[in-house]
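Colleague: Okay, handing you the structure first.
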Amino acid sequence: MLKMPLLRKVKVDDKDGEVGSTVLATVINLLKNMVGAGLLNVCIAFKYASVLGGMLVMLFSAFVCTTGFLMIGYCCSKTGSKTFRDLWRVSIGSSSEKVVDWVLFFHCLFSCVGYITMIGDFSTKSLSGLLPGSILAERREVSIILITVFLIFPLSLYKSLDALKHTSVIGLAITAFSCAYVFYDVIANASDYGAGEVIRNNFWYVDLDMFKTLALFNGSFSAHYNAPTYYAELKDRNFSNFVRLTLYSFAIATVLFTSFGIAGFARFGDQVLGNVLKSYSPDDFMVQLSWLFMMISTVFNFPHAFQRMRSSWTTLTGQGIDGSGLWLTIGLLLLCLWMGIAFQDIAVIKMIKGATLGVALMFIFPALIYLSLISKSGKLWKERSGFLAVLCVVMLLSGFLQGALALLVYWKVI
């Protein structure tokens, strides 16, 4: 690695003070950022790619996504940047810095829309059994609006990720309950469901839908839009700690995504849906409870993306959040609310987002930033920067290729 800073460190306004988050607290927040919503659509990915194919794609996705996340943190550590825009400005230049803000804004917007869509699914599914006949069980839009007003809106007023660490702990615990039920159900009733036969019959095949699997997995690992913030909010801010929290988080997420995805696919086979919990019958009380818990977990996940979306919008418009933060929060929530009610299938949202905006933030932007930094520093191909530069080229090509192929397969062009 480079021993000296690549460029002069940028000055960052610290008037709000250092937040200071421990490695453990950041791991919890990062896991919640990825696992909360990204867990539920990995099951259908194994349908697209086969069991072994899905595992291989998962390993590739985990590697390149972890590399991209680490690359962002490394560049932040070398430049003192605390936002994507800071990184873009000191590397690519200020003339095009709005590009990254627009990408961040729409990426986080679609993430929030996906969360709203899931909340609507979970609330109506759970309450149709827990409160049958009620308006909340029968009117998806009513439950979404009430949950947004009384739960999502207060959480969206927070301005730092560290402030969400307590809700992240609760959200992860709730997610663990739902995961445990799916695991228990498929193991305890494996013979009834023919789970072993599903695994054997779908163990390996090659299909172009494999690129849809890659886009879904990339979308599940997507927390890169918050990578500079996670680094900036570390109490002991250094790249070594960032590496630790990144490896811990992505390793845990990889194991969980893989095991849960295979379990869900083994349970439902070709009948598995984009949101695996929607595949269950609403008659089981434990299923109803799992839906309710995952709805709460998704509510706790929403502010992670919303904070970054709001921050990108204030940067684009040049308005501070202090003066008009309340009305801005309300306006952006209304936009997410309208789109979330209109959309029905989260897998479609996540696949398209992962194939376009996701690959830009996770692979293309980090690679471009690093290559530009070492070019400006005059250390190109020296020390270990040569290896990292080659890795960045691989990330660039991989990002463009997998994004294009995923979209072409989705729209049945190939």
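The values are calculated or read from the model by the stated rules, or taken from the named source; none is laboratory data. This one's a predicted model, so the numbers in the text were calculated from it and none came from an experiment. With ideal geometry, Cβ positions are generated from the backbone for all residues, glycine too; neighbour counts draw on all protein chains shown. Areas reflect the complete protein model, heavy atoms only, side chains present, ligands, DNA and RNA absent. Shrake-Rupley method; radii C 1.70, N 1.55, O 1.52, S 1.80 Å.
Colleague: Ordered by residue, what ³J(HN,Hα) values in Hz, to whole numbers, does the stretch 26-34 give under the Karplus form 6.51 cos²θ - 1.76 cosθ + 1.60, where θ = phi - 60° and Gly and Pro are x?
Modeller: Going residue by residue, I get 5, 4, 4, 5, 5, 4, 5, 4, 8 Hz, with x marking Gly and Pro.
Colleague: GNM, the chain, Cα, under 10 Å: largest mean-square fluctuation among L333, L373, L401?
Modeller: Per the Cα network of the chain with a 10 Å cutoff, L401 tops the list.
Colleague: Quick one: Karplus J couplings for the stretch 108-122, per residue in order, coefficients 6.51, -1.76, 1.60, θ = phi - 60°, nearest Hz, x for Gly and Pro?
Modeller: 6, 4, 5, 5, 5, 4, x, 5, 4, 4, 5, 4, x, 4, 5
Colleague: Using a 1.4 Å probe over the heavy atoms of the protein chains, calculate the carbon and sulfur portion of the accessible area of the chain as a whole percent.
Modeller: Numbers: 11200 of 16770 Å².
Reported share for carbon and sulfur atoms: 67 percent.
Colleague: Most fluctuating residue of S240, S95, S311 in a GNM of the chain with Cα springs under 10 Å: which is it?
Modeller: Residue with maximal mean-square fluctuation among S240, S95, S311: S95.
Colleague: Once both axes come from the Cα atoms, what is the angle between helix 285-317 and the longest principal axis of the chain, in degrees from 0 to 90, rounded to 10?
Modeller: Result, in degrees: 30.
Colleague: Further, regarding this structure: Once amide H atoms are built 1.01 Å from N in the peptide plane, which residues 5 or more positions from L234, or in another chain, come under 5 Å H to H?
Modeller: Residues meeting the amide H criterion: S21.
Colleague: While we're looking at this one, here's another question. Which three lengths, in whole Å and largest first, does the stretch 260-307 cover when its Cα atoms are put on their principal axes?
Modeller: Largest to smallest, the principal-axis extents are 37, 23, 14 Å.
Colleague: Quick query: amide H of L273 versus all other amide H atoms, modeled in the peptide plane; which residues come in under 5 Å with a sequence gap of 5 or more or a different chain?
Modeller: Under 5 Å from the amide H of L273 lie the amide H atoms of S279, each far enough along the sequence or on another chain.
Colleague: Compute the acute angle (0 to 90°) between the alpha-carbon long axis of helix 385-410 and the principal axis of greatest extent of the alpha-carbon atoms of the chain; round to the nearest 10°.
Modeller: On a 0 to 90 degree scale, this one is about 40.
Colleague: Then there is this: Given C-alpha coordinates of the stretch 232-341, what is the ratio Rg to Rh with the Kirkwood estimate of Rh?
Modeller: Using only Cα positions, Rg/Rh for the stretch 232-341 is 1.08.
Colleague: Quick one: 3J(HN,Hα) in Hz for the stretch 256-263, Karplus 6.51/-1.76/1.60 with θ = phi - 60°, rounded, Gly and Pro as x.
Modeller: Ordered by residue, 3J(HN,Hα) equals 5, 4, 5, 5, 5, x, 5, 4 Hz.
Colleague: So, one more: Which residue, L40, L292, L328, has the most motion in a Gaussian network model of the chain that connects Cα atoms within less than 10 Å?
Modeller: Per the Cα network of the chain with a 10 Å cutoff, L328 tops the list.
Colleague: Hey, another quick one. Above 28 Å lies some portion of the pair distances; for the chain, what is it as a whole percent of all C-alpha pairs? Don't skip to the answer; put the middle values down first.
Modeller: On the way: 39623 of 85491 pairs.
Of all Cα-Cα pairs in the chain, 46 percent lie more than 28 Å apart.
Colleague: Within the stretch 387-404, what residues put their amide N at less than 20 Å from the label point 7 Å along the Cα-to-Cβ vector of V206?
Modeller: Within reach of a label on V206: 398, 401-404.
Colleague: Largest first, please: the extent of the C-alpha atoms of the stretch 9-159 along each principal axis, to the nearest Å.
Modeller: For the stretch 9-159, the Cα extents along the three principal axes come out at 60, 46, 34 Å.
Colleague: Using only the alpha-carbon atoms, what does the stretch 133-265 span along each of its principal axes? Please give whole angstrom values in decreasing order.
Modeller: Taking the Cα atoms of the stretch 133-265, the three principal extents are 50, 49, 31 Å.
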